[in-house]
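Let me begin by presenting the structure, written as C-alpha cells, before commenting on it.
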Amino acid sequence: MSKPLIAVTRRLPPACEQRLANHYEARPGRDEGSFSREQLLAHGAGADGLIVTPAEVCDAGLINALPRSIKLISTVSVGYEHIDLDAARQRGLRVTNTPDVLTDATADIALLLLLGASRRATEGDRILREGRWPGLRPTFLLGNQITGKRLGILGMGRIGAAFARRAQACGMQVLYHNRKPAADSAGATYCGSLEYLLAQSDVLSLHAPLTPETKNILNAARLALLPQGAIVINTARGGLVDDDALIAALKSGQVGSAGLDVFAGEPQLHPGYLTLPNVMLLPHLGSATLETRTAMGMLAIDNVDAVIGGREPPHPVA
Ligand code: 8YV
C-alpha cells in the first residue's frame with residue numbers, strides 16, 4: 001500500500017525530515033525564496049497533508065484552490081495568522097500549530113533584546129568593528145539599568161509569562177495587560193487598561209497574537225503614553241507595530257531604544273530601522289534553536305500523524 005504524501009514547504013531539522021521519510025512519502029521543502037500561490041499549489045499537488053511555516057500565506061484563495069486530497073495544514077509555529085481558518089473550516093480542512101515547545105526559546109530572545117537594547121549592545125559591537133573605541137571612559141556608551149524598572153507585557157500568554165519570570169530574575173517589576181486576567185501571570189500585576197499599562201512601562205514587550213484587533217496596536221497615540229525614553233521589545237509579530245510611528249518615536253527620543261525580532265512584511269523590514277543606532281534587530285530568531293525547531297517539527301508531525309490516522313490532533317486550531 002502506498003504511503004500518504006506529505007508536502008513540506010521548508011527544510012526541517014534532520015530528525016524531523018528523517019521521521020517524515022520513515023513514515024510517509026515526503027515531498028521535501030526548499031529554503032530559497034518565497035512560494036507564489038501557483039508554486040504552493042504545485043508543491044501540494046496530490047498530497048494528503050501540508051506542513052507550512054508563517055512564511056507561506058494560506059489565504060482563502062489558496063485554501064479553496066488546494067487539491068481535495070489535502071486533509072490538513074500543519075504549521076510549524078504557534079502563530080497561525082497566515083492561515084485563513086474560516087476558509088479551512090469551510091473546506092473541511094484541519095489546521096494545527098505547535099505551541100508550548102517554543103516558549104523558553106522565544107522568552108530567551110526577548111531577554112536578549114531587552115538586555116541588548118538597554119545596554120546598547122549593537123552600538124558597542126559596531127564601534128569595535130569600525131575601530132572607533134576610544135578606550136575605557138566613565139561616560140562612554142552608557143545604557144539603562146533594568147534592575148528595579150517596570151516591564152509592561154502586552155499579551156500575557158505562555159511566552160509572556162516565561163519572559164516575565166526572566167525579567168523578575170533580573171530585578172524587574174512586571175505588569176501586564178490582557179483582555180482578561182491570565183491564568184498564569186507569573187505573579188505580574190494585571191492592568192485592565194492598556195493605556196494605564198503603557199504609562200507605567202519603562203520597558204514594553206509585545207507578546208500578543210496578530211489579529212484584526214491587535215494590528216498596529218502600538219501606534220503613535222499609544223507610543224506617546226510610554227514614559228519618555230522607554231524601551232520597546234517585539235518578539236511576537238511585526239504587524240502589531242505601526243513602523244512609521246515607532247521610527248519617529250525612536251528618532252525623537254520618546255522611545256529610547258527598541259529590540260525587534262519580527263517585522264511586518266518579512267523578510268523585508270521598514271528601511272527606517274536600518275539607519276537607527278538605537279535599535280537591536282534580529283531576523284525572526286525567536287524559536288531558532290536546534291532543540292526548539294526540532295521539537296516544533298516533531299509536534300507538527302504528531303499533528304499530521306493524528307489527522308492522517310483519523311484521530312484528533314494534539315494541537316488543533318481549526
Ligand atoms: C516560526 C513563529 O514558527 O511560532 C511562531 O509563531 O513566529 C516562529 O517561531 C518559526 O520561525 C518557524 O516556522
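The values are calculated or read from the model by the stated rules, or taken from the named source; none is laboratory data. As the structure is a computational prediction, the values presented were derived from the model and not from experiment. When we count neighbours, we look across all protein chains shown, and the Cβ atoms used for this are built from the backbone with ideal geometry, even at glycine.
Tabulated data
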quantity	calculated
Out of Leu72, Leu85, sole residue that is buried (at least 19 other Cβ atoms within 10 Å of the Cβ) and touching a residue at least 60 places away in the same chain (Cβ under 8 Å)	Leu72
Those helices (runs of 4 or more DSSP H) lying entirely in the range 217-318 with at least 2 residues within 15 Å of the ligand (Cβ to nearest atom)	290-308
Members of the range 173-200 found to be over 23 Å from the mean Cα position of the chain (by Cα) and within 19 Å of Val255 (Cα to Cα), listed by number	Glu195, Tyr196, Ala199, Gln200
Residue check for Leu226: of a type outside the set (S, T, N, Q), crowded, with 21+ Cβ neighbours inside 10 Å and more than 21 Å from Pro271 (Cα to Cα)	yes
Residue satisfying condition, being without any contact (Cβ under 8 Å) to a residue 12 or more places away in the chain and at positive phi, within set Gly265, Gly310	Gly310
Of all residues making up the range 1-22, the number that are farther than 13 Å from Asp48 by Cα, more than 16 Å from the ligand (Cβ to nearest atom) and touching a residue at least 40 places away in the same chain (Cβ under 8 Å)	1
Yes/no for Arg129 being at pLDDT 95 or above, under 21 Å from Ala164 (Cα atoms), assigned by TED's automatic domain parsing to the domain that holds Asn234 and surrounded by fewer than 20 Cβ atoms within 10 Å (Cβ to Cβ)	no
Unmet requirement for Ala121, which otherwise passes all of (1) closer than 16 Å to Met280 by Cβ; (2) without any contact (Cβ under 8 Å) to a residue 60 or more places away in the chain	(2)
Residue in the range 202-221 that is hydrophobic (A, V, I, L, M, F, W, C) and surrounded by fewer than 17 Cβ atoms within 10 Å (Cβ to Cβ) present	yes
Residue within the range 170-189 that is in the same structural domain as Leu276 (by TED's automatic domain parsing), in contact with a Gly (Cβ under 9 Å, 6 or more places away or on another chain) and β-branched (Val, Ile, Thr) present	yes
Test: residue in the range 102-125 that is in contact with a strand residue (DSSP E or B) (Cβ under 9 Å, 6 or more places away or on another chain), under 17 Å from Glu312 (Cβ atoms) and of a type outside the set (A, V, I, L, M)	no
Out of His82, His43, sole residue that is closer than 26 Å to Glu17 by Cα and in contact with a Cys (Cβ under 7 Å, 6 or more places away or on another chain)	His82
Matching residues in the range 21-76 - criterion: being over 23 Å from Pro314 (Cα atoms), of a type in the set (S, T, N, Q) and touching a Lys or Arg at 6+ places or on another chain (Cβ under 9 Å)	Asn64
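Conditions (1) in the same structural domain as Ala258 (by TED's automatic domain parsing); (2) outside any strand (DSSP E or B); (3) surrounded by fewer than 22 Cβ atoms within 10 Å (Cβ to Cβ), marked per residue:
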position: Ala21; (1), (2), (3): no, yes, yes
position: Ala42; (1), (2), (3): no, yes, yes
position: Leu50; (1), (2), (3): no, no, no
position: Glu56; (1), (2), (3): no, yes, no
position: Pro67; (1), (2), (3): no, yes, yes
position: Gln90; (1), (2), (3): no, yes, yes
position: Ala110; (1), (2), (3): yes, yes, no
position: Leu114; (1), (2), (3): yes, yes, no
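Residues are listed down the side, and each one gets a yes or a no for (1) of a type in the set (Ser, Thr, Tyr); (2) over 13 Å from the mean Cα position of the chain (by Cα); (3) away from the ligand (no atom under 16 Å from the Cβ):
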{"position": "Tyr80", "(1), (2), (3)": "yes, no, no"}
{"position": "Ile83", "(1), (2), (3)": "no, yes, no"}
{"position": "Ala87", "(1), (2), (3)": "no, yes, yes"}
{"position": "Gln90", "(1), (2), (3)": "no, yes, yes"}
{"position": "Thr96", "(1), (2), (3)": "yes, yes, no"}
{"position": "Ala105", "(1), (2), (3)": "no, no, no"}
{"position": "Asp108", "(1), (2), (3)": "no, no, no"}
{"position": "Ser118", "(1), (2), (3)": "yes, yes, yes"}
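One line per residue, one yes/no per condition, for (1) at pLDDT 95 or above; (2) closer than 28 Å to Ala236 by Cβ; (3) in contact with a strand residue (DSSP E or B) (Cβ under 6 Å, 6 or more places away or on another chain); (4) acidic (Asp, Glu):
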position	(1), (2), (3), (4)
Gln18	yes, no, no, no
Ala26	yes, no, yes, no
Pro54	yes, yes, no, no
Ala60	yes, yes, no, no
